[in-house]
Amino acid sequence: MSQLAFWRSGSTRVLPGFGLSMGISVLFISLVLLLPITGLFGQLSELSLAEYFAIITEGRVVASYMVTIGAAAVAALVNAVFGLLLAWVLVRYEFPGKRLLDALMDLPFALPTAVAGITLATLYAGNGWVGNIIEPMGLQVAYTWVGIALAMAFTSIPFVVRTVQPVLEDLPAEVDEAAMSLGATDGVAFRRVIMPHLWPALVTGTGLAFVRSLGEFGAIIFIAGNMPYETEITALMIFVKLQEYDYAGASAIASVVLFVSLALLLAINIWQGRFVRRLHGGKG
Amino acid sequence: MRRIGDAPLVRRLLIGAALLLSALFLLLPLVAIFAQAFSQGVMVFWENVSNAFTLHAIGLTLVIALMTIPICLVFGVALAWLVTRFSFPGRRILQTLIDIPFAVSPVVAGLIYLLLYGRNGWIGGWLDSHDIQLMFAWPGILMVTIFVTCPFVARELIPLMQAQGSREEEAAVTLGASGWTTFWRVTLPNIRWALLYGIILTNARAVGEFGAVSVVSGAIRGQTNTLPLHLEQLYQDYNAVGAFASAALLALIALLTLAAKAGLEWRASRREAYT
């Protein structure tokens, strides 16, 4: 009996495989994830600090940061609204085709980015199905930053939908029933009662969509036009430097991208951790 | 009791907007892929799919995916077992590290492998002097594919195994079952569907990876061209119908992935309804 109490308390390991699973995990993470990143720093160490800053602040590179960050921000904001709408409709309403719509949400994750890239480029080019209609109206999407934002929004929409959806599902019916019975209108009730529960998940999903957009490559390069200073994304700048065998230049720019995306990932993880703890604290 | 957004007008408006936007934004591209691929008839599509370079690209893509899956599977199961069955210092750090491939741009992923294992890299230089070439050859493609796909299995398993807890396994072990018996008889039946979905996701990403692979492959036709690289070359050569023929094959795999997911979810919801 006393032994039973002993292992329930979790102070000892009853289950086997700690050493084996720890060995495999640490070996794999070290070899596959961490070791290659050291290669980047090895390459960077061949640059002086002045050379490093000269590369990462060169005009064309800075222009690519602007294009990438601007388009990713627009894509993330559009997805915040569109994703919230889709999550709401999928959780709250019953209608024919709902299951299909739900399945369709994962398409951008399942579809290879290069396929998405050539398809969007073909659709929105001047002679494409969509370009045909919108270009006479003066709306140019292909080969502009709008096209870049569109491709980013396409590849990252599931992040928002799939982060908000479960939170909305777990929201008890009493929450909005109480608001409605007290006579609030839909708009006020949504803003005052639903949004406070939803916005941590919405911020997380939008943040993930933004990080994904910053690094996206395959879906964008076909529709972007890739004009220096105008429609060149940072991932493409790295690719161009590599094709010129300028490994030092590629590494310097890559280090900026890597640092920003890892910092954002860490921030999102901390944000999410805090929010999850608060939620559980509230329940207990 | 009326809930928020239940008024018929609001409801219709929101459903209508969601359907319209999804149709334009998500469904239209999907339709366009197949329309383009078959725009000159089934025969032309078939010729494009069955030419030697396309067949080679299909073969290489499948071989890479088949080699990636078991490696990611072993790692994913080991990591999930480790972080859900034991508590130890550094557990949260491991869980954060596993997300790195999701945050790193595919081009950067390809680059860091090229720097380390390329001819001028720390390891690549030594390998080169022993006549081993990893980059611009299939091993390089395999390595970056493992990098970008390794989180999927673990990501599917960890929440499930955390929710299930370790009581059943502990019972089996205290009754005298060995570690492997416990794993095969108790753990595996509980996680098999999540495991299957993890494999499906790994496969979808392995087959479709473009950015990382294009950095390390060299894209030599008939040698190191995967299907996504092959369709890019055709598209750049203004052979749109050929490019979309390959794209249609990849889109088909994507659709099968979505169908599998819907099927697994339907199964799970049915089981929930019974219990």
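The values are calculated or read from the model by the stated rules, or taken from the named source; none is laboratory data. Not measured: the values here are computed from a predicted model. Positions of Cβ are generated from backbone atoms using ideal geometry, with glycine treated the same way; all protein chains shown enter the neighbour counts. The accessibility values were calculated without ligands, DNA or RNA, using every heavy atom of the protein model including side chains. Shrake-Rupley method; radii C 1.70, N 1.55, O 1.52, S 1.80 Å.
Residues of the range B:73-117 being β-branched (Val, Ile, Thr) and under 27 Å from B:Asp128 (Cα atoms), which ones? Can you show your working first?
Residues of the range B:73-117 β-branched (Val, Ile, Thr): B:74, B:77, B:83-84, B:93, B:96, B:98, B:100, B:104, B:107-108, B:112.
Once the filter is applied, which keeps residues that are β-branched (Val, Ile, Thr) and under 27 Å from B:Asp128 (Cα atoms), the range B:73-117 yields B:Val107, B:Val108, B:Ile112.
Considering the range A:186-202 alone, what residues qualify as being away from every other protein chain (no Cβ under 13 Å) and open to solvent by 70 Å² or more (accessible area, probe 1.4 Å)?
Answer for the range A:186-202, where residues must be away from every other protein chain (no Cβ under 13 Å) and open to solvent by 70 Å² or more (accessible area, probe 1.4 Å): just A:Trp199.
Just give me the residues in the range A:92-109 being within 22 Å of A:Ile223 (Cβ to Cβ) and either open to solvent by 10 Å² or more (accessible area, probe 1.4 Å) or in contact (Cβ under 8 Å) with a residue 60 or more places away in the chain (or both), in sequence order.
Answer for the range A:92-109, where residues must be within 22 Å of A:Ile223 (Cβ to Cβ) and either open to solvent by 10 Å² or more (accessible area, probe 1.4 Å) or in contact (Cβ under 8 Å) with a residue 60 or more places away in the chain (or both): A:Leu104, A:Asp106, A:Phe109.
Which one of these is open to solvent by 20 Å² or more (accessible area, probe 1.4 Å) and either among the acidic types (Asp, Glu) or at pLDDT 95 or above (or both): A:Val74, A:Val89, A:Val61, A:Val115?
Numbers: A:Val89 fails: open to solvent by 20 Å² or more (accessible area, probe 1.4 Å); A:Val61 fails: open to solvent by 20 Å² or more (accessible area, probe 1.4 Å); A:Val115 fails: open to solvent by 20 Å² or more (accessible area, probe 1.4 Å).
After applying the criteria, what remains is A:Val74.
Residue by residue, here is whether (1) of a type outside the set (A, V, I, L, M, F, W, C); (2) more than 9 Å from chain A (Cβ to nearest Cβ); (3) closer than 22 Å to A:Leu107 by Cα; (4) open to solvent by less than 30 Å² (accessible area, probe 1.4 Å) holds:
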{"site": "B:Asn203", "(1), (2), (3), (4)": "yes, yes, yes, no"}
{"site": "B:Val213", "(1), (2), (3), (4)": "no, yes, yes, yes"}
{"site": "B:Val216", "(1), (2), (3), (4)": "no, yes, no, yes"}
{"site": "B:Arg221", "(1), (2), (3), (4)": "yes, yes, no, no"}
{"site": "B:His230", "(1), (2), (3), (4)": "yes, yes, yes, yes"}
{"site": "B:Gln233", "(1), (2), (3), (4)": "yes, yes, no, no"}
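Take B:Gly263 and decide whether it is within 11 Å of chain A (Cβ to nearest Cβ) and closer than 30 Å to A:Leu236 by Cβ.
no
Name the single residue that is most open to solvent (accessible area, probe 1.4 Å) among those in the range B:3-37 being in contact (Cβ under 8 Å) with a residue 60 or more places away in the chain and more than 9 Å from chain A (Cβ to nearest Cβ).
My answer is B:Phe34.
When the residues of the range A:203-233 are narrowed to those that are of a type in the set (Phe, Trp, Tyr) and assigned to a loop (DSSP other than H, G, I, E, B), which ends up farthest from A:Ile148 (Cα to Cα)?
Ranking the qualifying residues of the range A:203-233, first place goes to A:Tyr229.
If a residue has to be more than 9 Å from chain B (Cβ to nearest Cβ) and either open to solvent by 30 Å² or more (accessible area, probe 1.4 Å) or within 16 Å of A:Arg212 (Cβ to Cβ) (or both) to count, how many in the range A:246-267 make the cut?
6
Tell me, please, whether a residue that is at pLDDT 95 or above, within 15 Å of A:Gly218 (Cβ to Cβ) and touching a Pro at 6+ places or on another chain (Cβ under 7 Å) can be found in the range B:149-158.
No, the conditions are met nowhere in the range B:149-158.
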